[in-house]
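Participant: This is the structure I want to talk about, given as structure tokens.
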Amino acid sequence: MKKPLLAAALLIGMGASLGALAQATGVTDGMNMNAIAMFLAFVMVSLWITYWAAGRVKSTSDFYTAGGQISGFQNGLAITGDWCSSAALMGIAGLIYTTGFDGLIYSVIPFGAWPLMMFLLADRLRNLGKFTIADIVSVRMARVPIRSLIASAGLAFVVGYLIVQMVGAGTLISSLFGLKYEYAQVIIGFLIIVYVAFGGMVATTYVQLIKAVLLLSGASFITFAVLAKFGFSPEGLYEAAVTNHPTAEKVMQPGGLLSDPINAISCGVMLLFGGAAMPHVLMRFFTVPDAKEARRSVAWAATFIGYFYLLTFVIGYGAVVFVMKDPQFLDAAGVIKGGANMAAIHLAEAMGGDLLLGFISAVAFATIVAVVAGLTIAGASAISHDLYANILRHGRASDAEVMKVSRFASIGLGILGIILGIAFKEENIAYLIVLPFTISSTVFFPVLFLAMYWRRLTTTGIVVGGWLGLASAVVMLVVGPTIWKDILGHAAPIFPYKYPALFSMAISSVTMIVVSLLDNSARARAEVAAFDDQFVRSQTGLGAEGAARH
Amino acid sequence: MEHIYREIRRDPRFHDLERKRGRLSWILSTIVIANCLWYIFATAFFPEAGFAAFWGKPIGEGMATTWGIVIGFLQTILFVVLVVWYIRRANGEFDTLKDIIVADATRAAGDKK
């Protein structure tokens with residue numbers, strides 16, 4: 001544990017001194033040298049870690065789960081790194097900046113997913129799984145149809161999430177570092193390929209650890225600086241926000257963002273259940289030795305993430321107070337430069353000048369790189385473990401062959417990320433985040449939950465319900481207000497709600513239950529009978545992967 | 001492995017443990033889901049519904065801080081507290097009992113061979 005902390009401290013110091021040096025020598029011309037220097041320091045440290053990790057990645061188990069030897073504390077911190085995407089730092093602050101109180105729904109509700117994961121999923125997942133969430137369901141279900149469904153949904157999840165992160169990173173870098181958008185895409189894609197293809201889960205874990213430490217310290221510092229301006233009285237901050245915001249006291253009240261009840265409920269369902277079943281986060285439960293450590297990881301992650309979300313109560317309103325009326329952050333029309341998502345970044349500059357701006361920019365960039373690395377390894381595992389090893393080769397592929405496919409899959413995903421990032425340049429990609437969350441709440445949560453808790457669930461039920469739910473989610477998104485009306489320019493959407501999760505989750509769950517109940521085949525009876533053994537294994541960890549190691 | 005599973009299922013202590021842990025998980029999950037629904041519904045039905053209206057009211061005369069902010073803040077803290085409380089029981093009391101049950105069942109299954 002000392003290593004990533006030391007590395008984080010080291011790179012803050014290195015970055016700051018490099019930045020000071022660059023400024024002293026006067027080679028800044030419009031670029032933020034602090035940001036570039038600190039980011040370079042992050043890159044050097046992470047590449048060094050990857051070099052060290054590459055020597056330790058010898059088998060698929062090392063590649064996907066770091067050999068199951070990560071401690072609960074380290075994993076909790078790494079999960080924090082996986083969970084807190086740039087949306088958590090910049091998106092929430094941006095939403096509070098524009099709509100006030102309702103932006104906090106993106107703090108409180110997704111965080112509700114953490115206790116749910118702890119009470120309902122974490123230890124059972126660890127006891128039943130190996131590398132991917134498809135393993136858990138395959139314990140008593142038919143391998144090929146289950147893995148086809150979960151791997152396809154998983155890849156759609158990864159690609160949707162990947163585009164959001166890549167475009168976000170490109171925009172951030174071009175506006176901050178003065179670097180061309182396309183170069184930014186290539187740099188990120190290259191880094192991800194190196195981390196994941198060579199360093200596997202070991203390197204990814206350490207990148208996430210460092211990023212989490214950087215993110216938590218950066219957000220803490222901004223919060224401290226904002227509160228210090230008001231003598232550490234939140235009331236003082238909120239009074240100033242009410243004075244400053246055009247909606248006055250409404251900035252502290254619900255109703256600014258989600259005025260339609262069905263939309264609000266659907267959005268909440270999506271954030272809560274979708275958040276509880278994200279494959280790149282759940283995959284991290286397999287990196288610890290047993291259920292005890294899996295629970296410990298959740299406890300640490302919940303503590304760090306909860307702490308981070310509490311900071312958003314200050315950072316968002318801080319941006320309202322210190323950015324909204326400051327001409328240096330506004331364009332000629334009085335609109336915030338770079339869009340509302342830049343509110344947190346501008347706030348950093350308002351609070352700590354160039355140095356803090358540079359630090360937070362580098363943190364935001366590291367955040368995106370770490371999340372993309374986590375997504376890439378989850379996507380690579382779906383390709384090599386689920387699709388290649390289990391479906392194409394029927395479980396007969398050698399470890400070395402699967403490793404090779406894993407590395408190529410990571411390289412392929414990295415290149416795909418670059419291509420999509422460039423293709424979606426200057427598109428409004430915020431809506432794309434709805435896709436992964438909807439898939440996760442429609443497919444992953446019901447499948448995992450029912451497979452572990454409901455004896456009568458069968459393969460046919462999962463396959464019919466899962467595909468139907470997935471298809472309905474995609475269709476409702478396409479003919480909904482965001483794509484059908486805003487992007488394709490039709491007069492009115494066919495499906496009236498922006499968030500289809502409430503409906504698609506109901507479709508998939510009800511279908512899974514009804515079809516399973518109707519399923520009386522011999523295979524279904526065998527699957528129901530296998531529940532008893534699966535239940536004991538999920539409760540005790542007896543027979544769990546990696547349990548024999550210690 | 002199957003015969004050990006069978007031994008465990010035959011052990012009444014296993015069913016006790018599983019029921020006790022299950023009940024705790026469900027009670028805590030219900031608390032969390034209820035809190036989230038409260039938040040979501042307050043957002044969706046503000047300001048008409050009574051359970052939502054006070055979310056927009058200041059916590060004191062002439063203050064800017066609203067009940068909504070305070071509730072959201074406390075909910076976040078509550079979630080952390082519930083998680084930490086659950087892990088203490090699950091990794092302590094429940095796991096100790098589980099280890100005993102597994103050890104006994106493994107021995108019993110070995111004896112029968």
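Participant: Given the structure, is A:Lys229 out of contact with any Cys (no Cβ under 8 Å at 6 or more places or on another chain) and within 14 Å of chain B (Cβ to nearest Cβ)?
Facilitator: no
Participant: Restricting to the range B:26-57, and then to whatever is of a type outside the set (A, V, I, L, M, F, W, C) and in a helix (DSSP H, G or I), can you tell me which residue is farthest from the other protein chains (Cβ to nearest Cβ)?
Facilitator: Ranking the qualifying residues of the range B:26-57, first place goes to B:Gly50.
Participant: Taking the range A:240-250 as the search range and keeping residues that are in contact with a helix residue (DSSP H, G or I) (Cβ under 7 Å, 6 or more places away or on another chain) and facing chain B (nearest Cβ under 9 Å), which one is nearest to A:Ile336 (Cα to Cα)?
Facilitator: Out of the qualifying residues, it is A:Ala241.
Participant: Which ones in the range A:477-496 are crowded, with 21+ Cβ neighbours inside 10 Å and either assigned to a helix (DSSP H, G or I) or in contact with a helix residue (DSSP H, G or I) (Cβ under 8 Å, 6 or more places away or on another chain) (or both)?
Facilitator: Of everything in the range A:477-496, just one residue is crowded, with 21+ Cβ neighbours inside 10 Å and either assigned to a helix (DSSP H, G or I) or in contact with a helix residue (DSSP H, G or I) (Cβ under 8 Å, 6 or more places away or on another chain) (or both), namely A:Leu477.
Participant: Among the residues of the range B:4-16, are any part of a loop (DSSP other than H, G, I, E, B) and either more than 15 Å from A:Asp102 (Cβ to Cβ) or among the β-branched types (Val, Ile, Thr) (or both)?
Facilitator: So far as the range B:4-16 goes, yes, one or more of its residues are part of a loop (DSSP other than H, G, I, E, B) and either more than 15 Å from A:Asp102 (Cβ to Cβ) or among the β-branched types (Val, Ile, Thr) (or both).
Participant: Given the structure, is A:Thr459 polar (S, T, N, Q), surrounded by 18 or more Cβ atoms within 10 Å (Cβ to Cβ) and in contact with a Phe, Trp or Tyr (Cβ under 9 Å, 6 or more places away or on another chain)?
Facilitator: When the stated conditions are applied, A:Thr459 does not pass them.
Participant: Among the numbered criteria (1) under 17 Å from the mean Cα position of the chain (by Cα); (2) not in a helix (DSSP H, G or I), which single criterion is violated by A:Ile439?
Facilitator: (2)
Participant: With respect to A:Gly168, determine if the residue is in a helix (DSSP H, G or I), within 14 Å of another protein chain (Cβ to nearest Cβ) and more than 23 Å from A:Phe445 (Cα to Cα).
Facilitator: In short, no.
Participant: Next up: Report whether or not A:Ala319 is more than 24 Å from A:Phe503 (Cα to Cα), surrounded by 20 or more Cβ atoms within 10 Å (Cβ to Cβ) and facing chain B (nearest Cβ under 10 Å).
Facilitator: So A:Ala319 does not fit the description; no.
Participant: If you go through the range B:66-93 one residue at a time, how many are of a type in the set (Ser, Thr, Tyr) and closer than 20 Å to A:Gln253 by Cα?
Facilitator: Residues that pass the stated criteria total 2.
Participant: Still on this structure, please answer the following. Quick check: is even one residue across the range A:117-133 aromatic (Phe, Trp, Tyr) and more than 27 Å from A:Gly541 (Cα to Cα)?
Facilitator: No, the range A:117-133 contains no residue that is aromatic (Phe, Trp, Tyr) and more than 27 Å from A:Gly541 (Cα to Cα).
Residue-by-condition table, conditions (1) aliphatic (A, V, I, L, M); (2) more than 20 Å from the chain's Cα centre (by Cα); (3) buried (at least 17 other Cβ atoms within 10 Å of the Cβ):
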site	(1), (2), (3)
A:Ala169	yes, no, yes
A:Phe177	no, yes, yes
A:Tyr183	no, yes, no
A:Ala203	yes, no, yes
A:Ile210	yes, no, yes
A:Ser220	no, yes, no
A:Ser233	no, yes, no
A:Gly236	no, yes, no
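Participant: Would you mind stating whether A:Ala264 is under 30 Å from A:Leu477 (Cβ atoms), among the hydrophobic types (A, V, I, L, M, F, W, C) and not in a helix (DSSP H, G or I)?
Facilitator: The answer is no for A:Ala264.
Participant: Where in the range A:41-120 are there helices (runs of 4 or more DSSP H), lying fully within it, with 1 or more residues that are within 23 Å of A:Leu272 (Cβ to Cβ)?
Facilitator: Correct list: A:72-83, A:92-99, A:105-116.
Participant: Continuing with this model, one more query. Closer than 30 Å to A:Asn390 by Cβ and either crowded, with 24+ Cβ neighbours inside 10 Å or modelled with pLDDT under 90 (or both) - does that describe any residue in the range A:104-113?
Facilitator: For the range A:104-113, residues closer than 30 Å to A:Asn390 by Cβ and either crowded, with 24+ Cβ neighbours inside 10 Å or modelled with pLDDT under 90 (or both): present.
Participant: Just to verify a result, which residue in the range B:62-111, among those that are crowded, with 18+ Cβ neighbours inside 10 Å and of a type in the set (Gly, Ala, Ser), is farthest from the other protein chains (Cβ to nearest Cβ)?
Facilitator: B:Ala105
Participant: Residue check, A:Leu450 against (1) at pLDDT 90 or above; (2) outside any helix (DSSP H, G or I); (3) over 15 Å from A:Pro145 (Cα atoms), all met but one. Which one?
Facilitator: (2)
Participant: Right, another one. Filter the range A:85-100 for residues that are within 14 Å of another protein chain (Cβ to nearest Cβ) and either within 15 Å of A:Ile305 (Cβ to Cβ) or modelled with pLDDT of 90 or more (or both) and give the result.
Facilitator: Residues satisfying the conditions are A:Ala88, A:Ile92, A:Ile96.
Participant: Same structure, new question: Please identify the pairs in which a residue from the range A:320-348 that is on the phi < 0 side of the Ramachandran plot has its Cβ atom under 9 Å from the Cβ atom of a residue that is surrounded by fewer than 20 Cβ atoms within 10 Å (Cβ to Cβ) and among the acidic types (Asp, Glu), counting only partners at least 6 apart or on another chain.
Facilitator: Sorted first by the residue in the range A:320-348, then by its partner, the pairs are A:Lys337/A:Asp331; A:His346/A:Asp326.
Participant: Still on this structure, please answer the following. Inside the range B:6-25, can you point out the residues that are at the interface with chain A (Cβ under 8 Å from one of its Cβ atoms) and without any contact (Cβ under 8 Å) to a residue 24 or more places away in the chain?
Facilitator: Selection gives B:Arg9, B:Glu18.
The values are calculated or read from the model by the stated rules, or taken from the named source; none is laboratory data. Values in this document were obtained by computation on a predicted structure and should not be read as measured data. No Cβ is skipped: glycine too gets one built from the backbone with ideal geometry, and neighbour counts run over all protein chains shown.
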